[in-house]
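The block underneath contains the structure these notes are about, expressed in structure tokens.
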Amino acid sequence: MSVKRPQITVVGSINMDLVVRCDRFARPGETITANSSAEISGGKGANQAVAAALSGSNVRMIGRVGDDAFANTLLQNLQSHDIDCDGVSKTTDCASGLAIVTVEASGQNAIMLVQGANGRVTPEDVDTNRTAIETADVVLLQLEIPLDAVLATIKIAKQAGVRIILDPAPVPQVWSDELLNVDLVCPNETEAAAITGRPVETIDDAKEAAQELHRRGCKNVVITLGDRGSVLYANNTFHQFAADKITVIDTTAAGDAFAGALAVRWAETDDLVEAMRFATAAGAIAASREGAQPSMGTRQMIEERLKIER
């Protein structure tokens, strides 16, 4: 018996990533020859939309692109994954979101982010697309768009009784606990430390941070700790998950793959523990392959990995 495909709505960023690989970073005032360059569709919102689609859901995207040469490429990439882009507006006299990523031979990277059209997403955009939010099984949010648009989405989803997952990245300089009025928040250890103001380096640290985030308003909390696994705090109970055993190649979009898959499986099963197992496998696949969206696994790949791990 086939599982009904859930409806996931993502409100978030859409970027073009310009990735330049070089032997070393240029010093101020210096010109060096790079080894390669690539244009790769990205942005945390778009990444999570693709992850959710690959994991087996119907996906709607709400956001903005510019009126530049990248806009059509970004839209076509989303549509190639059967993502509904009716909620994505083109913004006149504005560039699309852009990330310039330089990667040294050592693997170290440096990133400059131009918010572009992502910075023009408004509460009015959200309200215009409120039906896509109200009819979703889960709404996925991140923080690469203005916070007033994020909070407007939370308000509409809460009123409609729709589950909300917040990936709180990047953590804003001025944090508001209004953002924790969601059903699940899933920071990594660095983000959890920034929000709580306490170090999160061990599993015990993660458990304390999760309880604090719960006290501050979030129903359920997941904190990921890379190769140390993850912690779920739900219904006043802790669940700990070991990281899958993999050879790490590129962790760029592992967190986005995790969030997208988590939303899909939670919508399907209403079981956060089962959803965590599924999401952990999805994150492991992404971390074991190169690239952001190109590294993400399909539903079949995730299920095959779960069989291996079990």
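Laboratory data are not the source of any read-out in this text; all were calculated from the coordinates shown. Fair warning: this is a prediction, and the values are worked out from it, not measured in the lab. Backbone-built Cβ (ideal geometry, glycine too); neighbour counts: all protein chains shown.
Ratio of Rg to Rh for the range 141-182: 0.93 [Cα atoms; Kirkwood radius as inverse mean 1/r over pairs]. When only alpha carbons of the range 66-198 are considered, Rg and Dmax amount to 16.3, 49 Å.
Across every direction, the projection of the convex hull enclosing the Cα atoms of the range 201-276 has a mean area of 5.4 nm².
Taking the Cα atoms of the range 40-129, the ratio Rg/Rh between the radius of gyration and the Kirkwood radius comes to 1.00.
Note: the chain, Cα convex hull, 142 Å³ per residue. Considering the zone a paramagnetic label at A242 would reach in this model (a point 7 Å from Cα along the Cα-to-Cβ line), which residues of the range 291-310 have amide N under 14 Å from it? Flagged as within label range: 308-310. Highest mean packing first, where packing is the average number of other Cβ atoms within 10 Å per residue, the peptides 80-91, 203-214, 274-285 line up as 274-285, 203-214, 80-91. The calculated 222 nm mean residue ellipticity attributable to helices in the chain amounts to -11000 deg cm²/dmol, summing -39500 (n - 2.57) over DSSP H runs of n ≥ 4 and dividing by all residues. In the structure shown, the pairs K4/K219; K219/K245; K219/K307; K44/K245; K4/K207; K44/K219 are assessed against 28 Å; a Cα-Cα span above that value is assigned to K219/K245; K219/K307; K4/K207.
Working note: Cα gyration tensor of the range 139-292, eigenvalues times five, square-rooted, sorted largest first, giving semi-axes of 22, 17, 16 Å. Each peptide in 42-54, 290-302 receives the mean, over its residues, of other Cβ atoms within 10 Å, and ordering these scores from highest gives 42-54, 290-302. Sorted on the mean count of surrounding Cβ atoms within 10 Å across their residues, most packed first, peptides 257-263, 23-29, 235-241 read 257-263, 235-241, 23-29.
Counting every C-alpha pair in the range 1-73, the share spaced more than 14 angstrom apart comes to 70%. Along the charge dipole of the range 141-180, pointing to its positive end and built from +1/-1 on Cβ of Lys, Arg, Asp and Glu, which listed residue (I164, L179, L141) has its Cα farthest out? Going by the Cα projections, it comes out as I164.
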